[in-house]
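Working notes for the structure below.
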Amino acid sequence: MEEIFGPEGLIAQAHPEYEHRPGQIDMARAVLRAFEEKRHLIVEAGTGTGKTLAYLVPAVASALAGRGRVIVSTGTKNLQEQLMEKDIPFLQSVLPRPFTATYMKGRSNYLCLNRLWRAEGSPILEGLEEVDYFEEVCEWSRITKIGDRAELANLPESLSFWRHIDARPDTCLGQKCPEFDPCFITRMRDRARESDIVVVNHHLFFADLALRNGNYGSVLPDYTAVILDEAHLIEDVAAEYFGSQVSNYQIDDLIRDLGMLKIDELETDREVTRSAARLSQFAENFWMGFRDGRGEEGRRVIVPSTFARRNYDGEYEHTPLGELYMVLDGAITRLETTLDAIKDKTPDIESLVRRLRQIRFDLNFIVTGSDKKFVYWVERRNRGIFLRASPIDVAGLLQDKLFDEVSTVVLTSATLSSDGNFAFIRDGLGLDTADDLIASSSFDYQNQAVLYLPSKMPDPRSSEWANAAADEVIRILNATEGRAFVLSTS
């Protein structure tokens, strides 16, 4: 590490503005030791430490030493771009041995060729203005090598039909898909399998972790070590993916996919059509139950009496919303039974049966609400209604699925310690046995930092805010003789 990060090291020779930072070398050594000894590590590295290079260099060294692939997971898109567009290319030009790296996004960012092919003959567009957009997507699908939605920069950020043609895991047919070989997810996996370093975000990492060892949905290749940058975010992200969720969008998409089925037996086709129509009607009635009363957007807790309550005799009876759920559950069960009898005839039906079972299981888990380790809540957002169950404590889940299964997990961020120790984050994540380090900062904060509080400012929503804020920025620039970095957020 001294030969790379030291005052006369490889980085200093390649970068004329490089500054030697003892905290960076301390962190790099600790990360390398964690890889070599197969231990977990928590590192707090404040601004200016150079933590990305401090963990990338040991990660590359570990991968090239034959210890296995390393996953680097971040919390923000900006850091992912910094890693892939700046830090990794820089190291590839500096380090004496070549290494490979790739960047993976969540599956919904990629086009599904099979769903696109099926959508060309079915109504998924919400207006005539989307016809040109759809044709552009079709043309793009024939020339793109990656299939990433971000390549469609000229189209609106939110395409209403994208969710009907993306590669989300619940619609994936796996190796039974007729487009498996040219599939963009398949190609992405192949690139990742050939890479030493794979950069992802926390949402993809924990979505994959929740699905790992399953037959469908997992994306990441096998790995022996994980670096979780911006690790202060992972407790909330993990809670999201280790829980359950059902939304009206899920059922709507499933019903739309049912309408695309090609069933040769006339009577079976009629039964599926009738069952799908019943499911559509009963689902609509069920979701309408959440629009009554407090129908405003936002989140609210699902209390125990939402679906059932005790009567005067002390016995439980269904509420009106509970009755709607029972009817919906019956419709899902009937459709599942019908499709299950013919699922071997086409992979599409097998996929639909799997989705129906998952929806029925998640709905039952949320409606019953019997697991006291979870909190149950409903969220309304635009036209979407989401029922969710999130674990109150993810420590045990992370211990079982991550820390006990992966030989080395490195957690790093600028803010991980409390009162000079890591007891709080250890307790929240169930990470009792990890080594830890607070990397020293290269900044002299007492002499190099200024805390400035404006004495009077208008309401941020008022028209006077912008000019007043600009005046304060000018005062800060004057006080620091121009040595200030200004970041504006809203």
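The values are calculated or read from the model by the stated rules, or taken from the named source; none is laboratory data. Remember, predicted model here, so these are calculated numbers, not experimental data. For neighbour counting, all protein chains shown are included, and Cβ atoms are generated from backbone atoms with ideal geometry for every residue, glycine included. The area values use the complete protein model at the heavy-atom level, side chains included, leaving out ligands, DNA and RNA. Shrake-Rupley method; radii C 1.70, N 1.55, O 1.52, S 1.80 Å.
For K401, give me every one of the lysines with a C-alpha distance below 30 angstrom, ignoring sequence neighbours fewer than eight places off in its own chain. Filter leaves K38, K51, K77, K105, K176, K372, K373.
Of all DSSP beta bridges confined to the chain, the antiparallel ones make up roughly 45%. Residues Y445, Y55, Y316, ordered by accessible area of protein heavy atoms at a 1.4 angstrom probe radius and largest first, appear as Y316, Y445, Y55. Looking at the chain, the accessible area is 54 square angstrom per residue; that uses a 1.4 Å probe and ignores ligands, DNA and RNA.
Accessible area of F134 (1.4 Å probe, protein heavy atoms only, ligands and nucleic acids ignored): about 20 Å².
Can you give me the Rg/Rh ratio for the range 201-326, using Cα atoms for both radii and the Kirkwood formula for Rh? Over the Cα atoms of the range 201-326, Rg/Rh equals 1.08. Going by accessible surface with a 1.4 Å probe and the largest first, I302, I71 read I302, I71. Taking the alpha carbon gyration tensor of the range 16-155, multiplying each eigenvalue by 5 and rooting it gives semi-axes of 42, 16, 14 Å, largest first.
The share of accessible area on the chain that comes from carbon and sulfur is 50 percent, using a 1.4 angstrom probe.
If you wrap the range 115-258 in the convex hull of its Cα atoms and look at it from every side, the mean projected area works out to 10.4 nm². Across all Cα pairs in the range 294-348, the calculated P(r) in 10 Å bins from zero up to the longest distance comes to 19, 29, 26, 19, 7, 0 percent per bin. Relative contact order, whole percent, for the chain stands at 23, derived from Cα pairs under 8 Å and 6 or more residues apart.
Please list V450, V486 from largest to smallest accessible area, probe radius 1.4 Å, with all protein chains kept in place.
V450, V486
Applying 0.36 nm per residue to the separation of E120 and T433 and subtracting their alpha-carbon distance, the gain on full extension is 107.3 nm.
Rounded to whole numbers, the Karplus 3J(HN,Hα) couplings from phi for the range 7-23 are x, 10, x, 4, 5, 4, 5, 8, 10, x, 9, 5, 10, 5, 10, x, x Hz, using 6.51 cos²θ - 1.76 cosθ + 1.60 with θ = phi - 60°, and x at Gly and Pro. Restricting the GluC sites (Glu not before Pro) of the range 76-147 to loop positions (DSSP other than H, G, I, E, B) with no more than 16 neighbouring Cβ atoms within 10 Å leaves E120, E126, E129. Reducing the range 406-475 and the range 32-64 to their Cα centroids gives an inter-centroid distance of 21 Å.
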